[in-house]
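To start, the structure itself, in structure tokens.
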Amino acid sequence: MDPLTLKNLNEARNARKAAIVVTNLTDGQDRLVIEGESVEGELAEALSKAFLNGKSTTIEAGGCEYFLNVHVPPPRIVVIGAVHISQALALIAKTSGYALEVIDPRTAFATPERFGETELFADWPEDVLANRPLDAYCALAAVTHDPKIDDYPLAAALEAGCFYVGALGSRKTHAKRLDRLKEEGIPQEALDCIHSPIGLDIGAASPQEIAVAIMGEIIQAFRSRGLG
Amino acid sequence: MGLAESFAEQDELAIAERWMSEGKEVAIATVVSTWGSAPRPVGSHLVMDEEGNFEGSVSGGCVEGAVVTEALDVISSGESKMLEFGVADETAWEVGLSCGGKIRVYVERVG
């Protein structure tokens with residue numbers, strides 16, 4: 001392996017960027033491809049597929065065997081609001097293999113008694129996210145209904161290019177939210193990326209069912225990121 | 001412990017880079033394909049230096065000894081090697097590896 005490939009790979013992983021080491025097993029040459037870089041040629045399709053499913057694999061191309069070692073940062077789900085839905089979502093995310101953290105400045109909601117071992121921050125999203133910045137491999141679900149709490153992290157998530165941004169609230173609530181965020185200067189195409197009503201349309205009624213719908217939508221977004 | 005610190009401390013690729021910066025000779029072994037129930041997934045790494053110190057794993061502990069021996073060769077020759085292990089033989093059974101598995105491990109020198 002080229003020492004530079006190793007160095008650049010570690011840099012990408014440390015910066016939570018997805019990267020694939022492409023090794024030609026026939027001649028031993030390797031190169032690094034970072035997600036989002038344009039790739040030409042026979043490997044292009046296999047690379048984009050590998051970025052999405054996260055699976056390392058060997059492929060044949062042009063008479064050579066290649067190994068694609070895929071390094072996708074572990075996705076993080078950031079939930080704004082320590083509400084009933086979040087309690088269920090924390091359990092479902094864990095089962096699904098996604099790391100999850102909950103942020104809510106309302107100390108009556110954000111208690112270890114309600115959330116057990118879930119990573120919990122009883123502080124304002126502004127303060128928490130300053131130390132734990134969002135990135136493209138984060139999903140953000142804002143579920144407090146309270147603009148004072150939800151608006152800032154929603155804007156931050158859109159700016160960071162989170163693979164999923166969802167907001168709880170009725171169509172009317174959401175329309176008002178979009179007006180406020182627009183006034184903050186967030187462009188329309190970014191606002192269009194907010195999933196609201198939140199969650200897949202499965203007729204979810206209980207907090208637990210809504211959590212399932214949100215988790216399903218997050219998985220769908222993660223496995224189709226960059227596909228529009 | 002911050003994300004970056006835990007990354008550097010436990011991660012075998014970060015360790016390989018650190019060893020390089022300390023002037024050591026380093027080889028990386030990577031599981032490139034598996035058949036049946038292999039103990040470590042494709043993409044798993046074992047890294048080692050020229051003295052045989054190693055970190056990470058490519059199996060549940062059965063083939064690491066063989067990989068390290070081969071890697072010493074790779075470090076001195078600079079020629080990459082493809083190793084194949086069937087983990088259905090008696091040794092594998094004795095150390096409790098799942099039967100019917102087979103792995104292919106690519107060993108290369110860094111630099």
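Some notes on this structure:
- Value of D in µm² per second that Stokes-Einstein yields for the protein assembly as shown, Kirkwood Rh from Cα pairs, at 25 °C (0.890 mPa s): 111
- The phi-based Karplus calculation (6.51 cos²θ - 1.76 cosθ + 1.60; θ = phi - 60°) puts the 3J(HN,Hα) values of the range A:6-17 at 4, 5, 5, 5, 5, 4, 5, 5, 5, 8, 6, 10 Hz, whole numbers, x for Gly and Pro.
- Dipole of the protein assembly as shown, positive direction: furthest Cα of A:Thr95, B:Ser76, B:Val107, with charges on the beta-carbon: A:Thr95
- Hull volume in cubic angstrom per residue (convex hull over the Cα atoms of the range A:84-123): 56
- For the range A:120-180, the convex hull spanned by the alpha carbon atoms encloses 83 Å³ per residue.
- Rounded to 5, the percent of DSSP beta bridges in the protein assembly as shown classed as antiparallel: 70
- Among A:Phe115, A:Phe67, A:Phe51, residue whose mean-square fluctuation peaks in a GNM of chain A (springs only between Cα atoms under 10 Å): A:Phe67
- In order along the range A:204-218, phi translates into HN-Hα couplings of 4, 10, 7, x, 5, 5, 5, 4, 4, 4, 5, 4, x, 5, 5 Hz, rounded to whole numbers, per the Karplus curve 6.51 cos²θ - 1.76 cosθ + 1.60 with θ = phi - 60° and x for Gly and Pro.
- Taking label points 7 Å from Cα along the Cα-to-Cβ direction, A:Gln220 and A:Glu119 give a separation of 2.6 nm.
- Point-charge dipole on Cβ atoms (K/R +1, D/E -1) for the range A:76-222, about Cα centre, debye to 20: 300
- GNM on chain A, alpha-carbon springs under 10 angstrom: the most fluctuating residue among A:Asn14, A:Asn69, A:Asn24 is A:Asn14.
- For A:Val165, the residues 5 or more places off, or on other chains, whose built amide H falls under 5 Å of its own are A:Leu140, A:His195.
- A full extension of the chain between A:Ser96 and A:Lys55 corresponds to an added length of 13.1 nm, given 0.36 nm per residue minus the alpha carbon distance.
- For chain A, the relative contact order works out to 15 percent when only alpha carbon pairs closer than 8 Å and six or more residues apart are counted.
- Electrostatic dipole magnitude of the protein assembly as shown [Cβ: Lys, Arg +1; Asp, Glu -1; Cα centre; debye, to 20]: 1340
- Take the convex hull of the alpha carbons in the range A:14-173; its mean projected area over all directions comes to 11.4 nm².
- Spin-label model, A:Glu126 to A:Glu159: label points 7 Å out along the Cα-to-beta-carbon direction sit 1.2 nm apart.
- Accessible-area ranking of A:Glu42, B:Glu55, largest first, probe 1.4 Å: A:Glu42, B:Glu55
- B:Asp73-B:Trp35 pseudo-label distance in nm [points 7 Å out on the Cα-to-Cβ vector]: 2.1
- Theoretical ellipticity at 222 nm over chain A - DSSP helices of four or more residues, -39500 (n - 2.57) apiece, nearest 500: -12000 deg cm²/dmol
The values are calculated or read from the model by the stated rules, or taken from the named source; none is laboratory data. As the structure is a prediction and not an experimental result, all values here were calculated from the model. Using ideal geometry, Cβ is built from the backbone for each residue, glycine included, and neighbour counts are taken over all protein chains shown. Ligands, DNA and RNA are stripped out before the accessible areas are found, and what is left, the full protein with its side chains, is counted by its heavy atoms. Shrake-Rupley method; radii C 1.70, N 1.55, O 1.52, S 1.80 Å.
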